[in-house]
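The values are calculated or read from the model by the stated rules, or taken from the named source; none is laboratory data. Fair warning: this is a prediction, and the values are worked out from it, not measured in the lab. Cβ: placed from backbone, ideal geometry, glycine included. Neighbour counts: every protein chain shown. For the accessible areas, the whole protein counts, side chains as well, though only heavy atoms, and no ligand, DNA or RNA atoms are used. Shrake-Rupley method; radii C 1.70, N 1.55, O 1.52, S 1.80 Å.
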Amino acid sequence: YNDAKGLRKTLASVASQTYTDIEHIIVDGASTDGSVDVIREYETINLSSTNPIRIVWVSEKDKGIYDAMNKGVVKASGEYLLFLNGGDTLASPTTIEDVYPHLNDTDFVIGRSYFSCEGKRCGTSPLLSERDMSMYYMYLHGINHQSAFIRRSLLINTPYDTSVRINADWLFFVQTIVMRSATVKFVDLFFSDFDLTGVSSN
């Protein structure tokens, strides 16, 4: 919401992907700062490219971040989802191409994220493993949703709890991985640059 500058960065990173058989769902919360103009510009540039990405977008009032994410889940048609907030970017132009071979017969594919501070990388998330998928670890740390490809059917059946303002993704991971033993594959690949100026970081 009202982050046209961050949105432009995010859209540019998706547009730069070498693997283009993807669907880009953009959910804006009725921004008034020109964000919709940025989306329309991105849509026009995409349509003129040799390998356009399927773009679906909406700009309307919502009940917060997780309500918007749930809307995106419903609008998507792919088997796996990766969430980026405004200002977050994919780690490199080959991110989707690199992770695509790992998206098979597992509920989650979890990689890593760079942390971005004022436009510069300032840290990384750890490489997780099966031993970290415990209530103890999740209580202390959790999983960056920008580091996780999620099977869409899981979020259809267990949408993000919109009553939890900034940690509904944490709750979702606990419910599905720790409590219901969803299957997880861990890969030593960086999926995203996570903008540390976002809501949950503050």
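Kindly write out, for segment 63-76 in residue order, the coupling ³J(HN,Hα) from the Karplus curve 6.51 cos²θ - 1.76 cosθ + 1.60 (θ = phi - 60°), rounded to whole Hz, with x marking Gly and Pro.
Result, rounded to whole Hz: 9, x, 4, 6, 5, 4, 5, 4, 4, x, 4, 5, 6, 6.
If the cut-off is 19 Å between C-alpha atoms, which aspartates and glutamates fall inside it for K9, apart from same-chain ones fewer than 8 positions away?
Excluding near neighbours in sequence, the set is E23, D28, D33, D37, E41, E43, D88, E118, D193, D195.
Amide H to amide H under 5 Å from L189: which residues, 5+ apart in sequence or cross-chain, H placed 1.01 Å off N in plane?
R112
Could you derive backbone 3J(HN,Hα) for segment 29-38 from the dihedral phi with the Karplus parameters 6.51, -1.76 and 1.60 (θ = phi - 60°), listing whole Hz in sequence and x where the residue is Gly or Pro?
Once rounded to whole Hz, the list reads x, 6, 4, 10, 10, x, 4, 5, 4, 5.
For the chain, give the percent of accessible area contributed by carbon and sulfur heavy atoms, probe 1.4 Å, rounded to a whole number.
Taking all protein chains in place, the chain shows 51 percent carbon and sulfur surface.
Using only alpha carbons, build the gyration tensor for the chain and give me the equivalent ellipsoid semi-axes, biggest first, whole Å.
25, 19, 17
Go ahead and set up a Gaussian network model of the chain, Cα springs under 10 Å, then flag whichever of I143, I26, I156 fluctuates most.
Largest GNM mean-square fluctuation: I156.
Can you tell me, using C-alpha contacts under 8 Å and at least 6 residues apart, the relative contact order of the chain as a whole percent?
Reported relative contact order: 27 percent.
Give the long-range amide H neighbours of A182: residues separated by 5 or more places, or on another chain, with amide H under 5 Å away, using H modelled in the peptide plane at 1.01 Å from N.
For A182, the qualifying residues are I177.
Looking at the chain as a GNM with Cα springs under 10 Å, which of I96, I45, I110 has the largest mean-square fluctuation?
I45
From the phi angles alone, apply the Karplus equation (6.51, -1.76, 1.60; θ = phi - 60°) to segment 19-26 and give each ³J(HN,Hα) in whole Hz, x where the residue is Gly or Pro.
9, 10, 7, 9, 10, 10, 9, 10
Can you give the helix-only mean residue ellipticity at 222 nm for the chain, where every DSSP H stretch with n ≥ 4 adds -39500 (n - 2.57) and the sum goes over all residues, rounded to the nearest 500 deg cm²/dmol?
-8000 deg cm²/dmol
Using alpha-carbon pairs under 8 Å, 6+ residues apart, how would you state the relative contact order of segment 68-131 in percent?
18 percent
List nothing, just return the count: lysine pairs in segment 10-151, 8 or more apart or interchain, with Cα separation under 23 Å.
So the count works out to 4.
What FRET efficiency do you get for R54 and H141 if R0 is 41 Å and r is their Cβ-Cβ distance, rounded to the nearest 0.05?
Given R0 = 41 Å and the Cβ-Cβ separation, E is 0.75.
Taking the solvent-accessible surface of protein heavy atoms with a 1.4 Å probe, what is the per residue accessible area of the chain in Å²?
Accessible surface, normalised per residue, equals 53 Å².
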